[in-house]
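Here the structure is laid out as structure tokens; the discussion comes afterwards.
The values are calculated or read from the model by the stated rules, or taken from the named source; none is laboratory data. Worth saying up front: this structure is predicted, and the values here are computed from it rather than measured. Note that we place each Cβ from the backbone using ideal geometry, even for glycine, and neighbour counts take in every protein chain shown. We work out accessible area using only protein heavy atoms, side chains counted, and drop any ligands, DNA or RNA first. Shrake-Rupley method; radii C 1.70, N 1.55, O 1.52, S 1.80 Å.
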Amino acid sequence: MACENTTDYDYRFVDSDTGLQDAISEIKQKIAERIALLAVDCEGNSLSREGALTIITAATEEKVYIFDVQKLGQATFSSGLGEILEDESRKKLMFDCRQDSDALWHQFKVKLSGVLDVQLLEVIYRRENPSASTTNTAQSPSKDKRRGRDRNRRSQRTDEIERIYGFGRCIELYLQDEKLVKIKDKGKELLKEDDELWTKRPLTDELIQYCVVDTMAMFRLYNKMKDVNGGEQARLRVASDKYVDLYRGKTERSFDEYETNAYLPLDIIPDKGTLDFPAANTVCTCCHRQFPHEEFSKTQLRKGEQKCRVCKEIKRLEDIQQNRQDQWERNAREEEEYVYFPEGMSDYAWFWGYEPWENPNDRSYSWY
């Protein structure tokens, strides 16, 4: 069915076989005529190989198509959308494609390809334009006191740990569009109140708008950043290919803080001027990714407790939080154990409820 437009963008909600065929035909025609980019985004409850993928949105710069995967099932992809998503020559804008890719493959056997991940593009852009946003590292380089040979060791370069920004944060920083921010914030608020919202039908108008913004704003972000450093398409493609397979390629997932966190995984974006990565032959015992031997300190290697720099940072933050929790519990116990004696009250009065001279039958105090 087609829905009336409630935003500045034209969109169509697709939840029937007829509508599905029409929508796929329109998309293929548009990208064939203009060799156009698509923007793609998936939604669902705890989206991943284990969480239901219920909505997929695909957009050209002219129109948004919202597919009800929960209703259409595998037909959503066998109708032609799967072919588009797997075609490496058809470039798709996505924002943090990791969970989407994991869900598409493990639930529908759609192997996502040809992605240009705007989250990674933002990191490249931020490196070249540090004034465009707040500090991007977990630890500012100015705070790193190491000098000389130790500082040159890969395992010691903690200032290279970078935070990744969410989509809403990027809209605020680079588009400064209050209307889009409000739509995103409203959607987040509703999803926080009801984490099963993506499975409920009909979708609310707020969630429809949320889907529209999640794709159409990608075009604006991409157009703003795509020419950074004279154009970084090759590096972005290599990085995006690694991002697409980061979760999808795992035999098993842990879903812990070492796997999903707010930091850019190491060795995802190639160094400036290259499209390659150093040879990886040693496994991090926390995130279970392979890195060069130099990623780990000699002590870690000797003990068999290798942690990459990102995982070390996660562990450091976990330790801080645990220490705070322990301190709160200690303070709570001390408050429970604390006994308040009103001024002038004796131990006897606190125990018996009255002073010895208040009970003439009491002879326990010799001076009475």
task: Filter the range 153-171 down to the residues that are in a helix (DSSP H, G or I) and surrounded by fewer than 18 Cβ atoms within 10 Å (Cβ to Cβ), then identify the one that is modelled with the highest pLDDT.
output: R169
- request: Would you be able to say whether some residue in the range 93-112 is under 19 Å from the mean Cα position of the chain (by Cα), modelled with pLDDT under 70 and open to solvent by less than 30 Å² (accessible area, probe 1.4 Å)?
  value: no
- line: Filtering the range 42-70 down to residues that are open to solvent by 10 Å² or more (accessible area, probe 1.4 Å) and outside any strand (DSSP E or B) yields N45, S46, L47, R49, E50, A52, E61, E62, Q70
query: Counting only residues that are in contact (Cβ under 8 Å) with a residue 12 or more places away in the chain and open to solvent by 30 Å² or more (accessible area, probe 1.4 Å), how many does the range 254-282 have?
result: 13
- request: Find the residue count for the range 8-25, including only residues that are over 15 Å from T76 (Cβ atoms), open to solvent by 20 Å² or more (accessible area, probe 1.4 Å) and either among the polar types (S, T, N, Q) or modelled with pLDDT of 85 or more (or both).
  value: 2
Answer residue from the range 71-90, given it is assigned to a loop (DSSP other than H, G, I, E, B) and open to solvent by 30 Å² or more (accessible area, probe 1.4 Å) and is nearest to F13 (Cα to Cα) among those: Q74
- prompt: Are any residues in the range 21-40 under 30 Å from D194 (Cβ atoms) and in contact with a Phe, Trp or Tyr (Cβ under 7 Å, 6 or more places away or on another chain), and if so, which ones?
  reply: A23, A39
- request: May I ask you to list the residues in the range 223-250 that are surrounded by 20 or more Cβ atoms within 10 Å (Cβ to Cβ) and part of a helix (DSSP H, G or I)?
  value: M225, R235, L236, A239, S240, Y243, V244, Y247, R248
message: So in the range 178-204, with the set limited to residues that are outside any helix (DSSP H, G or I) and free of Cβ contacts under 8 Å to residues at least 24 places away in the same chain, which one is surrounded by the fewest Cβ atoms within 10 Å (Cβ to Cβ)?
response: D194
task: Among the residues of the range 220-275, count how many are modelled with pLDDT of 95 or more and in contact with a Phe, Trp or Tyr (Cβ under 7 Å, 6 or more places away or on another chain).
output: 9
